[in-house]
1. Just to be sure I understand the model, the point goes 7 Å from the Cα along the line to the Cβ. What's the resulting Ser69 to Lys48 distance in nm?
2. Can you list residues whose amide H is under 5 Å from Val14's amide H, if they're 5+ apart or on another chain and H is modeled 1.01 Å from N?
3. Would you please give the residues with an amide H less than 5 Å from that of Gln105, counting only those at least 5 places away or on a separate chain, with H modeled from the backbone geometry?
Amino acid sequence: MINQKIFSEGMMEVVMIQGLGQSANIWQPIQRQLRLPSRMFDVFARLKSDDSMTLTTLNAKLTADLQKSETPVILCGLSLGAVLTLMQLVKPATKIIGAVVSAPQFQAPNRLLMKA
């Protein structure tokens, strides 16, 4: 059960992470229905054509974003976003207080993401 008071006082937020081949806007219908403090993290925003796109670099980008705020978060990831969410959960010093994952891959979907 989610404590509405914690959300309404801005003490936590839901961070939604899209999958490979999707834009962060995929979460807009869900965000409207949540009626909770939430935001979309765009995995691919501000990536340049010469940037390395690996799970490691995308996870580092998410980590940097999460470190900008002291607010505890619930991560909600779909597909690639779910993999990144699971990667965040193995770090003991994060502000993640919950997670929802849907359709994480057992193996990276292509060789590009497998590079370290």
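1. The modelled label-to-label distance comes out at 2.8 nm.
2. Ser38, Arg39, Ile74
3. Correct list: Val83.
Readers should treat all values here as calculations from the given coordinates under stated rules, not as data from a laboratory. This one's a predicted model, so the numbers in the text were calculated from it and none came from an experiment. All Cβ positions, glycine included, derive from the backbone under ideal geometry; neighbour counts span all protein chains shown.
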